[in-house]
Amino acid sequence: MLNNLINWSIHNRFLVIILSLVWAAAGVYLSLRTNVDVFPDFAPPQVVLQIEAPGMVPEEVEALVTLPVEAQLNGMPGLRQIRSNSGVGVSSITTVFDFNTDLYRARQLVAERLQLVAARLPKGVGPPRLFPAMPAIGDVLKIAFVPQKTALRDLRALADWEIRNRLLAVPGVARVLVIGGEVKEYQVLVDPNKLQTYRVTMAEIRKAVESANAVSAGGFLVSEDQQFSIQGVGRPRTIDDLANSVVSVRDNVPVLLKHVARVQIGNAFKLGDTVINGKSGVYVYITKQPGVNTVDVVHDVQKAMELLKPSIPDDVQITYVFNQADFIQKSVTNVLEAIGEGAALVVVVLIIFLLNWRTSVISLTAIPLSILTAVVAIKAFGGSINTMTLGGLAIAVGEVVDDAIIDVENVYRRLRENQSSSHPKPVHEIVYQACIEVRSSVVYATFIVALVFLPVFTLAGIEGRIFSPLGLSYITATMASLLVALTVTPAMCMYLLARGKSLSHHEPLTVVMIQNLYQRILEPVMRAPRMVLAFSTALFVLTISLLFGVGQAFLPPFRENSLIITAIARAGQSLDATTRMGNEFELSLLKEPEVTSVVQWAGRAELDDMAAGPNFCEFDVQLKPSEKPLEPTLKMVREHLERLPGVVADVGSFISHRMDEVLSGGTRAAIAIKIFGPDLPTLANIAQEVKEITKEVPGAVDVRTDPQVVVPRIRILIDREKSARYGVTAQDLMGDIETAFQGQVISQVLEGQRLFPLKLWLEEPFRNNLDLVKKLLIDTPTGARIPVSEIADVKFVDGPNIILREDVSRRVVVQANTSGRDVVGVVNDAKAKIEKSVHLPQGYYIVYAGQYAAQKEAAITLLSMSALTLFGIILLLYQGLKSWKLTLLVLSNLPLATVGGIIAVVLTGNILSVGSLIGFISLFGISTRNTILLATHVNSLIEQGEPFDQAILRGAQDRVAPVLMTAITASLGMLPLAIFAGAGRELEQPLAIVIVGGMLSSTALTLIVIPALFKAFVKPPHQKGAKKAVAKSV
């Protein structure tokens, strides 16, 4: 079939060329319309929901809200994990599904289950609220607004009602969070003393506030010819309208709201705040939807912001603190530059070897056609152009020309020989025969290159989602290059080499020089083949021993200009204290020359999926563009953090934080040691032990536990007998307590098209003192007013600030990052010490998650699947070579390639990552191609009856040029990726380093060891009688 394809392409060469041009144009068109992102969507589908439970402490939230919802959600199809945070007045639950689950089907399943459980939740608990569907790296823009004169309250109102709504209308935007400034609120602040003076109850105040802001259907007035709608305007238009509302009538005198309360426009109670480069302002987070083009979304948001600028006061400074599109464009540009630089090096190599522009052009045609074919495949599979897909193309750029090089070199040589022949054959026959001669080698070698990458597609979890697109683009480009070699290359040979052109009668000068040098090297090899083999074996064994000192890591560090610092102050700290602390830290960090901006996000914003307390804060740190290693900067930041008393923190880049969060189930650190058990104090004690042990492990930094600690709180415990005596129910008491100290939003006030909450609350002096809490007067059905302390016990008690759960069990996490050591080494040391020193009571257990677990799982998967792949390679080789001896001879290349790969790892950091392992896998396939090319040609000459030694020498010399060309192009194509650091190249660089190092050793040793193996272990024909020397090659 393949022979027929080659023959068809030769006879229909014009059509082949036209079709290839059309295909290239289609590839360019589709590439311009493919989504662009920094990484593939590596997180499994997850649905996040939040339930407000006002007034409940974490234990009550867990028991009354979280547990019933978890129980209802368990058992959903495809569900792999449930984790939850039960905090003060809020429950946040995250459901994680299998990778093959459709996100919107998962959301539907969750919504259906929530409908069943919502009716069983306690009265006063809000309805479960699903957060928008968002990818793991969904934050695309963070915009800071810092006013000079404009009031923070006005700026926040503008952000909430104008900016937020406009940005939510941008296609592809999933969520817009706003934090900071002051939220405008209409407040009715009650004075308890005046309530007693005017003999008015809180219930009457509440009813008066509700009645003062009324809207009703006025109906219609219908005349004979017209109909008019009747508008009843019951909403207050000013503060005075509200203050003059009637509460009650005492002694025929109306008691107005202003008599017993102060009515004002004030600032709402803050759950979160922001500090921007040491100044107060408003911070806006924009998150994209899954599957959309990040660059397009950012562009559209920026365009919308330009349209909004006229409505924003001139004194407000607008700063784009974080822009993911910048990192994407920089990363993609870096990888594209690596592809371009690699392609340029390939061009130089071909010109040097071939010294003929026509053969070079034919060979180079494979690069654009193969790469564009891969882009079409990416588009067809719904993928995006990202650093991983481009990385696969960067790795392939030096290999896609290999098949064409082999074909063109053989065609050119056969045409030259035919030109010198006394009886030349038709050129189309020569081109056809030349392509057929190398077809078997080309086809089997290409299939092996594709086969070795199959283990990458068996990787589970985040590693599979990251590296599978790289494998897809690489394999597609490689298989496309085979198709090009079978169709376009013969057609172009007919046009550029066979149309009456006089060809050189001699090999190119470069090839002649290489062959002469190679001959001098081969002569001593042929005299002492076993010595060469012994040296190679010793070198392999010595190199393998280096692996015992190599560290292991899941992923290399990323070089970003955006850092995320998560800091947790002492439990119970107020939001104001947290922002003051953050302000000092910001001003200190801004003095560093490499820091351009620092923004603090303290507490939590409305609709934020992080149920964080007021002692939690996150800093977005922007650095000056640089290609230098990030580790010194991280060390500098940690030194500044050490100056903050009582603060535990971790530091990392934006992408690494998001990856760690996915890997470890919500923990933003490279190492997550999870401790499970039923009792919170016991968990806390175990976690403290584990934390102290981990701190002592060399290389462990940012060691801290989850912010699950005991904090003081005020408990109001009703005395049932006393309350019954006064006719006060628990609901009445708790309702008055909630209104007094938390405030109760009674209604909303309409201003134009904006709605602002109308809250009933106590005056501030009466709600911020424990003694005043005890003295708060409660209305009774008898008309008497009694203090809270009369019917309830009010005192400080200790309780947890938050309760974390995972897979229906309570858990605490000890987390850490690493500095100067590999993750696996740090965890192994910590694990050994923990198992030796920490005693776990019955019912408690420890799980090591994060990058450590992912690296172990990925390594086991790759090694086990590589063994199966090796078996497949052996069968494929035997099918093509029809000889077990020749098959084993070709497989001898694998240890030769391993030598250079291991040495390259040791010399460039001594860390073995998942990328490095994939590099070894792909190296075995790439290097096998040259061995097949050399071994089959030598074997063919032996079969043709040439003297044994002469067949080995001639076969090696005939193939030294194409072997070197294919090896050097494969190596140089990846060289820019291997030696130049930069954003976007971090994951591919370990892979490229292994391949470049392995190809150097493989090529050098193959050209020496394969002839030695033939000489030492393959018997000449005259020693085998009637039997054949070796089986025929296909």
Of the listed residues (V335, V297), the one being touching a Lys or Arg at 6+ places or on another chain (Cβ under 9 Å), at pLDDT below 80 and part of a helix (DSSP H, G or I) is V335
Pairs, first under 24 Å from I179 (Cβ atoms) in region 283-299, second among the acidic types (D, E) and surrounded by fewer than 23 Cβ atoms within 10 Å (Cβ to Cβ), C-beta under 7 Å, six or more apart: Y285/D139; T287/D139; P290/D41
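I'd like the full set of residues that are among the polar types (S, T, N, Q) and over 30 Å from G87 (Cα atoms), limited to region 256-276. Talk me through it step by step, then tell me what you get.
To start, the set of residues in region 256-276 that are among the polar types (S, T, N, Q) comprises 264, 267, 274.
The one that is among the polar types (S, T, N, Q) and over 30 Å from G87 (Cα atoms): Q264.
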Residue in region 913-921 that is under 26 Å from G391 (Cβ atoms), touching a helix residue (DSSP H, G or I) at 6+ places or on another chain (Cβ under 9 Å), in the same structural domain as G997 (by TED's automatic domain parsing) and not in a helix (DSSP H, G or I) present: yes
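Kindly state which strands (runs of 3 or more DSSP E) lie completely within region 582-696 and contain at least 2 residues that are under 22 Å from S91 (Cβ atoms), of a type in the set (A, V, I, L, M, F, W, C) and in contact (Cβ under 8 Å) with a residue 60 or more places away in the chain. Break it down stepwise before answering.
On the way: elements: 595-603, 616-623, 648-653, 671-676.
Of the strands (runs of 3 or more DSSP E) lying wholly inside region 582-696, those with at least 2 residues that are under 22 Å from S91 (Cβ atoms), of a type in the set (A, V, I, L, M, F, W, C) and in contact (Cβ under 8 Å) with a residue 60 or more places away in the chain span 595-603, 671-676.
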One residue is enough: does region 557-564 have a residue meeting the conditions farther than 23 Å from I671 by Cβ and not hydroxyl-bearing (S, T, Y)? yes
Some residue of region 357-371 being surrounded by fewer than 24 Cβ atoms within 10 Å (Cβ to Cβ), more than 13 Å from P490 (Cβ to Cβ) and of a type in the set (S, T, Y): yes
Search result, residues across region 217-250 that are among the aliphatic types (A, V, I, L, M) and more than 25 Å from Q196 (Cβ to Cβ): A217, L221, V222, I230, V233
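Just to check your reading of the model, which residue among V749, V745 is among the hydrophobic types (A, V, I, L, M, F, W, C), touching a Lys or Arg at 6+ places or on another chain (Cβ under 8 Å), closer than 25 Å to P58 by Cα and in a strand (DSSP E or B)?
Numbers: V749 fails: closer than 25 Å to P58 by Cα.
Residue meeting the stated conditions: V745.
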The condition from (1) in contact with a helix residue (DSSP H, G or I) (Cβ under 9 Å, 6 or more places away or on another chain); (2) more than 24 Å from E661 (Cα to Cα) that V173 misses is numbered (2)
Can you tell me which residues in region 109-163 are in contact with a strand residue (DSSP E or B) (Cβ under 7 Å, 6 or more places away or on another chain) and over 30 Å from G665 (Cα atoms)? F145, V146, L152, R153, L155, R156, A157, A159, D160, W161, I163
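Just give me the residues in region 604-639 being among the charged types (D, E, K, R), under 19 Å from V282 (Cβ atoms) and surrounded by 13 or more Cβ atoms within 10 Å (Cβ to Cβ), in sequence order. First the steps, then the outcome.
Of all residues in region 604-639, those among the charged types (D, E, K, R) come to 604, 606, 608-609, 618, 620, 624, 627-628, 631, 635, 638-639.
Then drop every residue that is not under 19 Å from V282 (Cβ atoms), which leaves 604, 606, 608, 618, 620.
Of everything in region 604-639, those that are among the charged types (D, E, K, R), under 19 Å from V282 (Cβ atoms) and surrounded by 13 or more Cβ atoms within 10 Å (Cβ to Cβ) turn out to be R604, D608, E618, D620.
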Kindly indicate which of L888, L875 is in the same structural domain as T1003 (by TED's automatic domain parsing) and either more than 17 Å from L459 (Cβ to Cβ) or surrounded by 21 or more Cβ atoms within 10 Å (Cβ to Cβ) (or both). L888
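Only one of L862, L840, L894 is in a helix (DSSP H, G or I) and more than 24 Å from L934 (Cβ to Cβ); which? Step through it out loud before you land on a result.
On the way: L840 fails: in a helix (DSSP H, G or I); L894 fails: more than 24 Å from L934 (Cβ to Cβ).
The match here is L862.
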Find all pairs meeting these conditions: Cβ atoms under 7 angstrom apart; at least six residues apart or on different chains; first residue within region 247-267 and under 18 Å from S211 (Cα atoms); second residue of a type in the set (K, R) and outside any strand (DSSP E or B). H259/K194; V260/K194
Check whether at least one residue in region 800-808 is surrounded by fewer than 17 Cβ atoms within 10 Å (Cβ to Cβ), assigned to a strand (DSSP E or B) and basic (K, R), and report yes or no. no
Quick check: is even one residue across region 526-547 more than 29 Å from I655 (Cα to Cα), modelled with pLDDT of 85 or more and assigned to a loop (DSSP other than H, G, I, E, B)? yes
When the residues of region 762-790 are narrowed to those that are more than 20 Å from G727 (Cβ to Cβ) and in contact with a strand residue (DSSP E or B) (Cβ under 7 Å, 6 or more places away or on another chain), which ends up surrounded by the fewest Cβ atoms within 10 Å (Cβ to Cβ)? L770
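Please state which one of V728, V827 is part of a loop (DSSP other than H, G, I, E, B), farther than 30 Å from N165 by Cβ and β-branched (V, I, T). Spell out the reasoning first.
Details: V827 fails: part of a loop (DSSP other than H, G, I, E, B).
After ruling out the rest, the residue left standing is V728.
V346 - would you say it is within 18 Å of the chain's Cα centre (by Cα), more than 30 Å from Q744 (Cβ to Cβ) and not aromatic (F, W, Y)? So that I can check it myself, show each step before the final result.
On the way: within 18 Å of the chain's Cα centre (by Cα): no; more than 30 Å from Q744 (Cβ to Cβ): yes; not aromatic (F, W, Y): yes.
No: the conditions fail for V346.
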In region 216-241, which residue that is of a type in the set (S, T, Y) and under 30 Å from K258 (Cα atoms) is surrounded by the fewest Cβ atoms within 10 Å (Cβ to Cβ)? S216
Please go through region 52-65 and pick out each residue that is surrounded by fewer than 23 Cβ atoms within 10 Å (Cβ to Cβ) and either within 30 Å of the chain's Cα centre (by Cα) or of a type outside the set (G, A, S) (or both). E52, P54, M56, V57, E59, E60, L64
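Sort out for me the helices (runs of 4 or more DSSP H) sitting completely within region 356-460 that have 1 or more residues that are over 30 Å from the mean Cα position of the chain (by Cα).
On the way: elements: 357-364, 366-380, 387-396, 402-420, 427-451.
By residue number, 357-364, 366-380, 402-420, 427-451.
Return a yes/no flag: does region 546-566 have any residue that is free of Cβ contacts under 8 Å to residues at least 60 places away in the same chain and of a type outside the set (V, I, T).
Of region 546-566, the ones free of Cβ contacts under 8 Å to residues at least 60 places away in the same chain are 548.
With the extra rule that they be of a type outside the set (V, I, T), the set shrinks to 548.
Checking region 546-566: at least one residue is free of Cβ contacts under 8 Å to residues at least 60 places away in the same chain and of a type outside the set (V, I, T).
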Collect the residues in region 101-151 that are among the hydroxyl-bearing types (S, T, Y) and free of Cβ contacts under 8 Å to residues at least 40 places away in the same chain, keeping them in residue-number order. Y104
Within region 60-100, the count of residues that are free of Cβ contacts under 8 Å to residues at least 60 places away in the same chain, assigned to a loop (DSSP other than H, G, I, E, B) and of a type in the set (S, T, N, Q) comes to 1
Scanning region 697-725 residue by residue, those surrounded by fewer than 15 Cβ atoms within 10 Å (Cβ to Cβ) and either assigned to a helix (DSSP H, G or I) or in contact with a helix residue (DSSP H, G or I) (Cβ under 8 Å, 6 or more places away or on another chain) (or both) turn out to be P698, I714, D719, R720, E721, K722, A724, R725
Residues satisfying the stated conditions in region 133-153, i.e. touching a helix residue (DSSP H, G or I) at 6+ places or on another chain (Cβ under 9 Å), assigned to a loop (DSSP other than H, G, I, E, B) and over 21 Å from F99 (Cα atoms): P147, T150
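The values are calculated or read from the model by the stated rules, or taken from the named source; none is laboratory data. In this text the structure is predicted, and so the values were computed from the model without any measurement. A quick note on method: Cβ atoms are made from the backbone with ideal geometry, for glycine too, and the neighbour counts reach across all protein chains shown.
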